[in-house]
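What follows draws every value from the coordinates through simple rules; no lab data is involved. Quick caveat, the model's predicted, so the values are computed rather than measured. Note: ideal-geometry Cβ built from the backbone for every residue, glycine included; neighbour counts use all protein chains shown.
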Amino acid sequence: MQKTQPMGQVLTLFEKIWRSHVVMERDDGVSLLYVDLHLVQDGSAPAFEMLHQRQIKVRVPSKTFGTPDHYIPTLGRNLSTIRDPEKRAMAKALEDDCDKHHIPFFGLQDSRQGIIHVIAPEQGLSQPGQLIVCGDSHTGTHGAFGALAFGIGASEVAHVLATQVVWQQKPLTMRINIEGTLGKGVTAKDIILAIIGKIGVAGAVGHAIEYTGQTIRDLSIQERMTVCNMSIEAGGRTGMIAPDEKAFEWLKDKPFSPKGSDWEVALKGWRNLFSDSAAVFNQVVQMRGEEISPMVTWGNSPEDVLPIDGIVPFPADAPNSVKRQSIENAEAYMGLIPGQKLTEIKIDHVFIGSCTNGRIEDLRSAAAVVKDRHVAQGVQAWVVPGSGLVKRQAEQEGLDQIFMSAGFQWREPGCSMCLGTNGDQVPAGQRCASTSNRNFVGRQGPGSRTHLMSPAMAAAAAVTGRLTDVRNLI
Amino acid sequence: MEKFETLQGVVLPLDKVNIDTDQILPARYLQKPRANNFGDYLFKDVRHDGNGLLRPEFVLNQAAYVGAQIMLANDNFGCGSSREHAVWAIYDGGFRAVIAPSFGDIFFNNALKNGLLPIRLAKSEVMSLFSLAQQNPETQVVIDLVAQTVVASPDFCVRFEIDNFSKRCFLEGIDELGYTLSLLPQIEAFERKQLS
């Protein structure tokens, strides 16, 4: 599928994938792109409803894949336990719609079910060079394999279901290059939070990001997924990393990966997926791995982020009145005092999970901190594995025992407390150390206060009861 | 989709950067079917305090801007979650256009598909509109889609860009799915080429 480029063409990775998916271009420059993989979850009911109203069938069910994650309970595996009838209907609708349209589907009883952005890579559905869409803004996750993957809205989901194509204005390109080695206790989550802190939540609006450099190449596939996952929090249309041997190793023998001679053919194409050395990006950002610290957010935007040894900012230090007002609002909402040390902030909840940090390496990293310690008094701490397979793997390694004996709840996979659509919410006024991706006002429930951080940092917060520099515990 | 040619009225000035779709439409309403009036949930937790009372300081609650069909916002409006419900909430709340210096990419596309015209203007132009609307809430703003202009006073007439296809969809009140379905032969040809 990846066509070799004509001689002399110098292209970015993004451009190579984009070009190989253009079905046609309108005279206004908007392109019709072919979708190789369309992921659907239990938020997709409005899109299916649009199809049903027009009596249209799903055009290519085999390139569509579904699993429920947003509305499902994390204390059991039975839809009937969802008390709210509208929420139960959302989860049930996906099951019925996938059945009706013959879409491959992992239901709640299937041990392979999980958060869609965790299980598609786990199953080998997400592959290099593919164009992947999903009605969820964290679809950039799959860019960790060198795919062009982006989130779409409900009307676009309906459009892709009906046609297998999507209209897109071509984004600009941004290269974020990070060289050097990460310090102790610094993780992929800290990298992406530091990027967002540097360029801002609008920094990459209208751009497709490619992450490059030694620091990125040194990351595991799971860590790369964490980085790509939060590209949207920098405003990026998508984030991607050129696939290498680590990506190919991950994909080998996965259930949906190409097999036999198809594997060899695919691999040959995948090896062409990199930005040519002379390729030009619209923007380039340079960073150093050594300069990144364990990060935590203090406010209500992912760009409100600081190294853990920092202090709550003074509004008066803001560069302009709009920013000053936004700092004041955030500190009032978050119940913080300017000048307060971040490590003095006490927490009530800990949430380890989500499409950002719900993978086995995330749980290992948190468990390493929790081992032989106990959750601080008064803190409610949860681990919600990203998938049934992550959960099983963790149990085989005894991680569940480490968490439970420390006082954590060990739950069933789903999106859970990242956005609380299933009812797993942080109560108003309470503070949560969370490995999720958004700290917006009310994100984890009305009045909830979210601090974003890595799994190791969330584990450190759980055992001390306050935001904590994990480097002091490892 | 509803037809859109011109729109005249007062604007609601929402002068805050990075307004995310979680603010516009909180996640706890996402399971509601489209038949609901999502305008009831528009900025639900920003409009109300913890006791469910309207916050008078929030512009959407101020009498001067009742009936506004044009929303004026600042940088990166509609960032965050892909929820199309955010657009439905603004649309059901009576708005037909949003003007901002920049938008979240997904929000922008969602708006185009639901008859809510997203207009990008230069930051300085948006700031001028804010001063006009804040100084005199009765300021009439005219959006002319045919001419692609926003006019707010004798001194304020600016042009905006929109792709031809979206413009046609708005002017004729059609959506793009019908058009794409007419392109099936091209899509099938692409699929054959991909397999070969």
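When all C-alpha to C-alpha distances in the stretch A:150-237 are sorted into bins of 10 Å, what percent of pairs does each bin hold, rounded to whole numbers?
Here the calculated profile for the stretch A:150-237 is 16, 42, 27, 13, 2.
If you line up the long axis of helix B:184-195 against the longest principal axis of chain B, both from Cα atoms, how many degrees apart are they, to the nearest 10?
The helix B:184-195 is inclined about 70 degrees to chain B.
May I ask for the distance between the Cα centers of the stretch A:81-151 and the stretch A:293-348, given as a whole number of Å?
About 35 Å separates the Cα centre of the stretch A:81-151 from the one of the stretch A:293-348.
Classify the protein assembly as shown as rounded, prolate or oblate from the Cα gyration tensor: take a ≥ b ≥ c as the square roots of its eigenvalues, call it rounded if a/c is under 1.5, otherwise prolate when a/b beats b/c and oblate if not.
Cα axes put the protein assembly as shown in the rounded bin.
Lysines near residue B:113 by alpha-carbon distance under 19 Å, same-chain residues fewer than 8 away left out - which ones?
A:170, B:3, B:167
Normalising by the residue count of the stretch A:13-284, find the relative contact order in percent from Cα pairs under 8 Å and 6+ residues apart. Display every interim value, and only then the final one.
Numbers: 535 pairs, mean separation 58.5, N = 272.
Reported relative contact order: 22 percent.
Please state, as a whole number in µm²/s, the translational diffusion coefficient that the Stokes-Einstein equation yields for the stretch A:315-422 at 25 °C and 0.890 mPa s, with Rh defined as the Kirkwood radius across alpha carbon pairs. Write out the running numbers ahead of the final one.
Numbers: Rh = 15.9 Å.
Using the Kirkwood radius from Cα pairs, D works out to 155 µm²/s.
Provide B:121, B:116 in ascending order of the number of other Cβ atoms located within 10 Å of each residue's Cβ, fewest first.
Numbers: B:121 20, B:116 23.
With the sparsest Cβ surroundings first, the list reads B:121, B:116.
How would you rank A:187-200, A:254-267, highest first, on the average number of other Cβ atoms within 10 Å across their residues? Don't skip to the answer; put the middle values down first.
On the way: A:187-200: 24.9, A:254-267: 13.2.
The most tightly packed comes first, giving A:187-200, A:254-267.
Where does helix B:123-135 land angle-wise versus the long Cα axis of chain B, in degrees 0 to 90, nearest 10?
Approximately 40 degrees, to the nearest 10.
Amide H neighbours of residue A:176 under 5 Å, at least 5 residues apart or on other chains, H built in the peptide plane: list them.
Under 5 Å from the amide H of residue A:176 lie the amide H atoms of A:210, A:211, A:212, A:285, each far enough along the sequence or on another chain.
Each label point is 7 Å from the Cα along the Cα-to-Cβ direction; what then is the distance between the points at residue A:377 and residue B:36, in nm?
My value for the distance between the label points is 4.2 nm.
Using alpha-carbon pairs under 8 Å, 6+ residues apart, how would you state the relative contact order of the stretch A:43-185 in percent? Could you put the intermediate results ahead of the total?
Working: 182 pairs, mean separation 35.9, N = 143.
Reported relative contact order: 25 percent.
Using the 2.2 N^0.38 Å rule of thumb for compact globular proteins, work out how the stretch B:101-186 stacks up: its C-alpha Rg over that value, please. Mind showing how you got there, number by number?
Values: Rg = 15.6 Å, N = 86, 2.2 N^0.38 = 12.0 Å.
Normalised Cα radius of gyration, the stretch B:101-186: 1.30.
Across the residues of A:439-446, average count of Cβ atoms on other protein chains within 10 Å? Could the numbers behind the result be given before it?
Details: counts 0, 11, 6, 8, 7, 1, 3, 7.
Averaged over the peptide's residues, the number is 5.
How large is the convex hull of the C-alpha atoms of the stretch A:391-431 per residue, in Å³? Spell out each step's value before the answer.
Working: hull volume 3.4 nm³, N = 41.
Cα-based convex hull of the stretch A:391-431, divided per residue, equals 83 Å³.
What is the sum of charges, Lys and Arg at +1 and Asp and Glu at -1, for the other residues whose Cβ falls under 14 Å from the Cβ of residue A:14? Intermediate values should be presented prior to the final figure.
Working: positive: A:16, A:19, A:170, A:175, A:237; negative: A:15, A:210, A:276.
It works out to a net charge of +2.
Could you line up A:314, B:170 from fewest to most neighbouring Cβ atoms inside 10 Å?
Ordered by Cβ neighbours within 10 Å, fewest first: A:314, B:170.
Using a 7 Å offset from the Cα along the Cα-to-Cβ direction at both residue B:147 and residue A:256, what is the distance between the two label points in nm, to one decimal?
5.1
So what are the ³J(HN,Hα) numbers for the stretch B:75-85, from phi and the Karplus equation (6.51, -1.76, 1.60; θ = phi - 60°), rounded to whole Hz, Gly and Pro as x?
In residue order, the calculated couplings are 3, 6, 5, x, 6, x, 3, 7, 3, 6, 4 Hz.
Straight-line reach from residue B:123: which aspartates and glutamates fall under 13 Å, measuring Cα to Cα and dropping same-chain residues less than 8 apart?
B:15, B:75
How high is the FRET efficiency between residue A:405 and residue A:172 when r is their beta carbon distance and R₀ equals 51 Å, given to the nearest 0.05?
Working: r = 50 Å, r/R0 = 0.99.
With a Förster radius of 51 Å, E is 0.50.
Name the residues whose placed amide hydrogens come within less than 5 Å of the amide hydrogen of residue A:64, ignoring near sequence neighbours (fewer than 5 apart) on the same chain.
Under 5 Å from the amide H of residue A:64: A:38.
Using only C-alpha positions, report the orientation-averaged shadow area of the convex hull of the stretch B:138-196, nm², one decimal. Walk me through the numbers before you get to the answer.
Values: hull surface 24.1 nm².
Approximately 6.0 nm², given one-decimal rounding.
Would you mind giving the mean number of other chain beta-carbons within 10 Å of the Cβ of each residue in B:23-36, as a whole number?
On the way: counts 5, 0, 0, 8, 14, 10, 2, 10, 18, 3, 7, 6, 1, 1.
Across the residues of B:23-36, the mean count of other-chain Cβ atoms within 10 Å is 6.
In straight Cα distance, which aspartates and glutamates are under 13 Å from residue A:184, not counting same-chain residues fewer than 8 positions off?
A:290, A:291, A:469
Between rounded, prolate and oblate, where does the stretch A:364-450 land on the alpha carbon gyration tensor, with a ≥ b ≥ c its root eigenvalues, rounded for a/c under 1.5, else prolate if a/b exceeds b/c?
Numbers: a/c = 2.44, a/b = 1.50, b/c = 1.62.
Judged from the Cα gyration tensor, the stretch A:364-450 comes out oblate (a/c at least 1.5, b/c at or above a/b).
With each label point set 7 Å from Cα along the Cα-Cβ vector, what nm distance links residue B:123 and residue B:155?
For residue B:123 paired with residue B:155, the spin-label model returns 2.2 nm.
What are the ³J(HN,Hα) couplings of the stretch A:131-142, residue after residue, when phi is run through the Karplus curve with 6.51, -1.76, 1.60 and θ = phi - 60°? Round to Hz, x for glycine and proline.
9, 10, 10, 7, x, 7, 6, 8, 5, x, 2, 6
In angstroms, what radius of gyration and Dmax does chain B have, counting Cα atoms only?
Rg then Dmax for chain B, in Å: 18.1, 64.
Sort B:192, A:19, A:449 by Cβ crowding within 10 Å, fewest neighbours at the top. Let's see the in-between values first.
Values: B:192 8, A:19 14, A:449 27.
So the ranking, lowest neighbour count to highest, is B:192, A:19, A:449.
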